[in-house]
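Below is one structure, written out as structure tokens; the observations come after it.
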Amino acid sequence: MVNKMRTLTEPFKIKMVEPLKVTTEEYRIEALKKAGYNTFLLSSKDVFIDLLTDSGTGAMSDRQWSGIMMGDESYAGARSWEHLETVVKDLTGMPYILPTHQGRAAERILYSILGGKDKIFISNTHFDTTRANIEYTGAKAIDIVCEEGKDNQIDLPFKGNIDLFKLKELIQEYGKENIACIIMTVTNNSSGGQPVSMENVREVRKICDEHNLLLVLDACRIAENSYFIHHREHGFSERTFKSIAQEMLGLADAFVMSAKKDGLVNMGGLLTLRDEELSVKCKNMLIISEGFTTYGGLSGRDMEALAIGLEEVFDEDYLHYRIRSTAYLGEHLKAKGIPVVWPIGGHAVYIDAKKLYKNIPVNQYPGQALVCDLYIKGGIRCVEVGSVMFGKYDEKGELIPAPNELVRLAIPRRVYTQSHIDYVLDIFDDILEMEDANTGYKITYEPPFLRHFTAHFEPIK
Ligand code: F0G
């Protein structure tokens, strides 16, 4: 029998719509100029397809919206809190659950307690807010993604893994008493959105046990990671996505989650812990800065929607559509000859801008140039994940570039249909046509931390 390629259909139908404005190229050139050539500073009404982030940009289901109406807004011990706590305890197996307004609030609470001057954090790759929260305490954050993860092209299943050999070396080098914790980012967002294997986390657990170190999972995309484990790792093909997530979380001492991703909500975060003493310290910080322990930074309706989202996200049809639709964009870009990070990760497609825009030197930010071109040509908004985001300066003020100059096209959950994505693919034909005409950019303003959010740029004539 011939194996027919079927269209990947969205496993939902639409019952509320949000109009999109169609703009001209001239209009977008002006809008981008006004935004200092930083797509974070654009007004969203001027964006046609918004692939800036998959964070908090998803569509909630009818069940979640019903939950919103049922939210209990009591200050303490709300019914919606109890619902959320039950769901999260079941998922994590951890006894102490702290709600926060988003992921970085959970990070700030935990890492300000664990961090401080001369402390060392080691991760497969720290996400930018994670690194910033750590460095803000005076501590040092070290990334040690596995060797395969540094190769943008090699086709391997778990390129988000940590380098176990280097992890052991670093523990020897710095001494276990100086190490604040080991953070596994799952999936590995800043390293191409690549998944992490269960085996890798099991090995990290063993190393942590040997040295009495704390293992934190920064796992806002744990359901997506579970899909990859189910399909790629030996021994998991019969397991449910949820049970895979439960097993991985079971290996950790703490879990930090930006619920704006696999929580399927627009706002929310979680910090969950196994250790009572640490939970008391974190709860104190939570009350000082976020809110009482049974709501953190969230309203009752937010917690209700999150409790429902955390169950929906493990639905087989949803996860299949989610991962395959991201791959659809990536595979079709690759077929056009666009250099994409391979294999395609779960939540986003990453383009190697250094390879695509060979004529733009790294200190003129080829990633930013592609981000600007995609906006001008198609009203597509995305983000640079390269030297704008991670570059530093040496004593002479020269740029120390990031290891890669990537551009991320992040896919919001349940928002765009295949025809929107086909439109994005069409715009890349225009990009390919202008390959040599593109210009680099210089930074004209930047803040000391997380500069990519607010920096201003100018094209280099
Ligand atoms: N950790 C990871 C791995 C993340 O991807 C993010 C957010 C955070 C922590 C922080 O969570 O935004 O809720 O405070 N990532 C978004 C992104 C912003 O676009 O990738 P937050």
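Output yes when any residue across the stretch 399-412 is out of contact with any helix residue (DSSP H, G or I) (no Cβ under 8 Å at 6 or more places or on another chain) and open to solvent by 30 Å² or more (accessible area, probe 1.4 Å), and no when none is.
Looking for residues that are out of contact with any helix residue (DSSP H, G or I) (no Cβ under 8 Å at 6 or more places or on another chain) and open to solvent by 30 Å² or more (accessible area, probe 1.4 Å), one finds at least one in the stretch 399-412, hence yes.
Out of Ser243, Ser258, I need the residue that is among the polar types (S, T, N, Q) and out of contact with any helix residue (DSSP H, G or I) (no Cβ under 8 Å at 6 or more places or on another chain). Which one?
Ser243
Only one of Ile162, Ile142, Ile154, Ile120 is more than 16 Å from the ligand (Cβ to nearest atom) and crowded, with 20+ Cβ neighbours inside 10 Å; which?
Answer to the selection: Ile120.
Quick one: which helices (runs of 4 or more DSSP H) sit completely within the stretch 1-93 and have at least 2 residues that are basic (Lys, Arg), open to solvent by 60 Å² or more (accessible area, probe 1.4 Å) and out of contact with any helix residue (DSSP H, G or I) (no Cβ under 7 Å at 6 or more places or on another chain)?
Correct list: 25-34, 79-92.
Filtering the stretch 215-244 down to residues that are in a helix (DSSP H, G or I) and within 15 Å of the ligand (Cβ to nearest atom), which residue is nearest to Ala105 (Cα to Cα)?
Selected residue: Ile222.
Could you list all residues from the stretch 94-127 that are under 16 Å from Met267 (Cα atoms) and either part of a loop (DSSP other than H, G, I, E, B) or of a type outside the set (Asp, Glu) (or both)?
Leu98, Pro99, Thr100, His101, Gln102, Gly103, Arg104, Ala105, Ala106, listed by residue number.
Is at least one residue of the stretch 253-262 in contact (Cβ under 8 Å) with a residue 60 or more places away in the chain and either open to solvent by 40 Å² or more (accessible area, probe 1.4 Å) or assigned to a helix (DSSP H, G or I) (or both)?
no
From the residues in the stretch 187-206 that are within 11 Å of the ligand (Cβ to nearest atom), polar (S, T, N, Q) and not in a helix (DSSP H, G or I), which one is nearest to Ile222 (Cα to Cα)?
The selected residue is Thr187.
Scan the stretch 122-174 residue by residue and report those that are under 13 Å from Asn188 (Cβ atoms), among the acidic types (Asp, Glu) and over 18 Å from the mean Cα position of the chain (by Cα).
Glu148, Asp163
Could you say whether any residue in the stretch 254-267 is away from the ligand (no atom under 11 Å from the Cβ), over 23 Å from Thr130 (Cβ atoms) and among the small types (Gly, Ala, Ser)?
No, that holds for no residue.
With the checklist (1) in a loop (DSSP other than H, G, I, E, B); (2) in contact (Cβ under 8 Å) with a residue 12 or more places away in the chain in hand, flag the one item Gly330 doesn't pass.
(1)
Taking the stretch 264-284 only, how many residues are touching a helix residue (DSSP H, G or I) at 6+ places or on another chain (Cβ under 8 Å), open to solvent by 10 Å² or more (accessible area, probe 1.4 Å) and assigned to a helix (DSSP H, G or I)?
2
The values are calculated or read from the model by the stated rules, or taken from the named source; none is laboratory data. In this text, all values refer to a predicted model and were calculated from it rather than measured experimentally. So basically every Cβ, Gly included, is an ideal-geometry build from the backbone, and we count neighbours across all protein chains shown. Heavy atoms of the whole protein, side chains included, go into the accessibility calculation; ligands, DNA and RNA do not. Shrake-Rupley method; radii C 1.70, N 1.55, O 1.52, S 1.80 Å.
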